[in-house]
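The values are calculated or read from the model by the stated rules, or taken from the named source; none is laboratory data. From a predicted model like this one, the values you see are computed outputs, not experimental measurements. Here the Cβ positions follow ideal geometry from the backbone for every residue, glycine too, while neighbour counts run over all protein chains shown.
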Amino acid sequence: MDLDRLSPEERDLLDRLVAKANGGESRRGYLPEQPADRAFGEAPKPNPPTITRVIDPADWVEKQINTLQAVGEANYRAGITRPKKDPIKAGIAAQGKYEAKMRDPAVLARRKTGLERTNMDEWAAMAEELGAANLVRGVVARRYKVERFVASYQPKLKAHLSRIDAMPDVTDADRERRMIENLKGLKALKGTW
């Protein structure tokens, strides 16, 4: 920007904007001062580069968190709108692979090892921080799934309870039979929605 071409009013406005951006500090001249350790027109010296094959853990974590905070949600939302394939169909097609992995002793051992790496305090902190806040929002956002479940399950539950209610309820043996039939019926209904 050629500052010599600005009118006095434009210079004044620019000065106030720069002052506001600098927290109230007004600087005339606007161009950064040239460091004395280089000649005019010479490129500034870079920060000394350090060859680092793998960055240290603290820098690694900081970089991941900063990147996630900066673009994570936007990238996640963009990815949802452009899946490489239908995730539901892919999941169904991979059912055999999933079942095989769930029988794999190495996978089962990894689960146990993962559980051993955490503790009740960490679990409780994450459940309070993430789970509690997201539970209501998550269920409300999936109301359509609740509606599907209730529409499918409610008639089956009514039919089951009608059978139980029709059973005799006079003796202890009657009540025991009702209780066992109720338990068996509810187990049979599980997953049928």
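Take residues that are modelled with pLDDT of 85 or more and within 19 Å of the chain's Cα centre (by Cα) and tell me which of the helices (runs of 4 or more DSSP H) falling wholly in region 47-124 contain 1 or more. It comes to 57-67, 73-81, 87-93. Considering region 180-193, and only residues there that are at negative phi and surrounded by fewer than 12 Cβ atoms within 10 Å (Cβ to Cβ), the residue that is modelled with the lowest pLDDT turns out to be 192.
Return yes when residue 80 is farther than 22 Å from residue 193 by Cα, loosely packed, with under 10 Cβ neighbours inside 10 Å and out of contact with any Phe, Trp or Tyr (no Cβ under 6 Å at 6 or more places or on another chain) and no when it is not.
Yes: the conditions hold for residue 80.
Scanning region 42-77 for residues being surrounded by 10 or more Cβ atoms within 10 Å (Cβ to Cβ) and among the aliphatic types (A, V, I, L, M) gives a total of 6. Selection of region 158-187 for residues being within 35 Å of the chain's Cα centre (by Cα) and in contact (Cβ under 8 Å) with a residue 24 or more places away in the chain yields only 186. On the stretch given as region 126-153, residues that are surrounded by fewer than 11 Cβ atoms within 10 Å (Cβ to Cβ) and either touching a residue at least 60 places away in the same chain (Cβ under 8 Å) or over 30 Å from residue 181 (Cα atoms) (or both) total 12. Residue count for region 154-175 satisfying the condition of being exposed (fewer than 11 other Cβ atoms within 10 Å of the Cβ) and outside any helix (DSSP H, G or I): 3. Each residue in region 138-178 was checked for being touching a helix residue (DSSP H, G or I) at 6+ places or on another chain (Cβ under 8 Å) and more than 17 Å from residue 188 (Cα to Cα), and 5 pass.
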